[in-house]
Amino acid sequence: MPTTRTATGKTSGWRFKTWRRTRLEWLGWLALVALTVLCWRVMTAGTIWSFVEDAPRQAADLFGRMLPPRWDYANSLWRPLWDTINMATLGTAIAIVVATSLAFLAARNTTPSMLVLRPLALFVIVASRSVNALVWGLLLVAVLGPGVLAGIIAIALRSIGFIGKLLYEAIEEIDEMQVEAIRATGASPAQVITYGIVPQILPAFATISVFRWDINIRESTVLGLVGAGGLGLALETSLNTLAWPQVSVILLMILATVVFSEWLTAKVRKGIL
Amino acid sequence: MIESPLVRWAALLGIASYLALAFATIDVNWTRVSEGVVRAARLFESFISPNFTSRWSDIQQGTIESLTMTVTATVAGVLLAVPIGLGAARNLAPWWVYGICRGVIAASRALQDIIVAIFFVAMFGFGPFAGFLTLTVSTIGFLSKLLADDIEEIDPGQVEAIRATGAGFWQVIDFAVASQVIPRLIGLTAYKVDINFRESSVIGIVGAGGIGATLNTALDRYEFDTAGAILLIIIGIVMACEYGAGAIRKRFA
């Protein structure tokens, strides 16, 4: 229990932290404040403050233009909505197929080779996770041209890392006894996976997939901003033509889609667990 | 998995017909895609030989904008998220404060960051300031919701005990609530720094500054080697953030 002495030499009782610790903590806070101030100065060096002061007026102007929404525009949004749902669903489906095999290669207890395949699979997982779906979208639109296909692949590429990581962690955490027991019956490696490992990771697998589908619905609604089709493309077109009453309809549509997918995944998850 | 064969077959049929319908309605311009294969090869080639030099000043500026945006927005977001999170915890706040704070949280979570960025760019002009505001809003939505949910699940016995000593509201917060939620708050903040950097590399696409803007320009000019360099920088910083966040979370949570 650290105690401190005052100048007169008397002990002044118990303290929660030592002086050293207190001083270090203050220094840490000071460094954080200094860093923030520095970053703020650097970041706002090019900011035109008259634009910022003007913002409330701009905001009022913007919302004035957005209201009332042009409701009949909603009728031409069914096709983009369908595209959006397809991008999310097909992208997730492709990602599930690829990520499952990757996860078995990456998990310490199922990988066929610790030295070559495991690092390779981990690298693919990390690379896929590091790049945002929108950035994948930018790349794929540059490569494949604008359209739903680029969106599907962008969603798939981003989801592979996400599903792969969570799934390989689930595989590493399984109960080895069950695998041992299946192996002891003389089962082949394929049979060990089917009867020893798959039943243990199936709930995790289902939850992860449904969770990712929900995120993908969110992402695919905006993927069109970079040219990958769906509701985002309609948004981009309306923004470029300054058709603000259409923008508000699209935003409401996006919101409704996201809320619906959240509700649906909550239902499904309850059904699984 | 599904017990009744009727339901099972119906589910399979449903999935099959959905897939058929989905594939039938995707229009793909195959000639454009086959051209794309050549481009994909070029893209891949330029990843192996990334060009950091010819647009270095743009890359540098974008990276600095992204990093400064991440830091300032996370700090501002945490400062605002803590009071909102306290207000949104049902076991601490009166019902009207709870309602307002939950409303703020729902509003800041409703739209994707990039859509929020579009609006901030329209209101505040191009540049990292709009990005800073976007990330701040997103940090508030993320942290205050998780903080509030955490506070609602704390052990009420400790609150009771501190209250029984005659402590006031702020003393209860300080000694009974904070001590239970702060480790997780630190972990979540570290995680959010990581997410904010990833997002800062994206919102530049709509004009909110950061390295996303540089990447977008590079791809528009078909300068794949520069784009490759930018992507490598993004991946590098994201990985550094992720390992840093992981280390902090292991230490505190």
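Observations
- Rel. contact order, % - alpha carbon contacts under 8 angstrom, at least six apart, the stretch B:108-253: 29 percent
- Phi to ³J(HN,Hα) by Karplus 6.51 cos²θ - 1.76 cosθ + 1.60 over the stretch B:204-214, Hz, x for Gly, Pro: x, 4, 9, x, 8, x, x, 6, x, 5, 4
- For chain A, a Gaussian network of Cα nodes joined below 10 Å ranks A:P189, A:P80, A:P68 by mean-square fluctuation, and the top entry is A:P189.
- With at most 13 neighbouring Cβ atoms within 10 Å, loop trypsin sites (Lys or Arg not before Pro) (DSSP) excluded, longest segment of chain B: B:91-220
- Shown here: the stretch A:75-272, whose C-alpha atoms stretch 68, 37, 20 Å along the first, second and third principal axes, sorted largest to smallest.
- Highest-fluctuation residue, B:A88, B:A24, B:A106 considered, GNM on chain B with Cα pairs under 10 Å: B:A24
- Here is how the number arises for chain A: DSSP H runs of 4 or more residues each give -39500 (n - 2.57), the sum is divided by the residue count, and the result at 222 nm is -24500 deg cm²/dmol.
- Taking label positions 7 Å along the Cα-Cβ direction at both B:F44 and A:R20, the computed distance is 5.6 nm, reported to one decimal.
- Whole-angstrom gap from the stretch B:88-149 to the stretch B:158-213, using each part's C-alpha centre: 13 Å
- Here the calculated FRET efficiency for B:D174 and A:D61, from their Cβ-Cβ distance with R0 = 51 Å, stands at 0.70, rounded to the nearest 0.05.
- The modelled label-to-label distance between B:I182 and A:F211, using points 7 Å beyond Cα along the C-beta direction, is 2.9 nm.
- Potential extension, A:A187-A:R41 segment - 0.36 nm per residue separation minus Cα distance: 46.0 nm
- Ignoring the sites themselves, chain A has its longest run without trypsin sites (Lys or Arg not before Pro) in a DSSP loop having at most 13 other Cβ atoms within 10 Å at A:109-273.
- Over chain A, relative contact order from alpha-carbon pairs under 8 Å, at least 6 apart, %: 23 percent
- Three-way shape call for the stretch B:1-123 based on the alpha-carbon gyration tensor, with the a/c threshold at 1.5: oblate
- Remark: spin-label model distance A:E53-B:A107 equals 2.5 nm, labels positioned 7 Å along the Cα→Cβ axis.
- Highest GNM mean-square fluctuation among A:S188, A:S248, A:S76, for chain A modelled with Cα contacts below 10 Å: A:S188.
- Computed 3J(HN,Hα) for the stretch A:37-50, one whole-Hz value per residue from the Karplus formula 6.51 cos²θ - 1.76 cosθ + 1.60 where θ = phi - 60°, is 4, 4, 4, 4, 4, 5, 5, 8, 4, x, 6, 8, 5, 5, glycine and proline marked x.
- Checked against a 22 Å cut-off, the cross-linked pairs A:K270/B:K250; A:K17/B:K192; A:K267/B:K192; A:K165/B:K250 give Cα-Cα distances beyond that limit for A:K270/B:K250; A:K17/B:K192; A:K267/B:K192.
Every read-out reported here was derived from the displayed coordinates using simple, explicitly stated rules and does not represent laboratory data. Note that the coordinates shown come from a computational prediction; the quantities given were computed from them, not determined experimentally. When we count neighbours, we look across all protein chains shown, and the Cβ atoms used for this are built from the backbone with ideal geometry, even at glycine.
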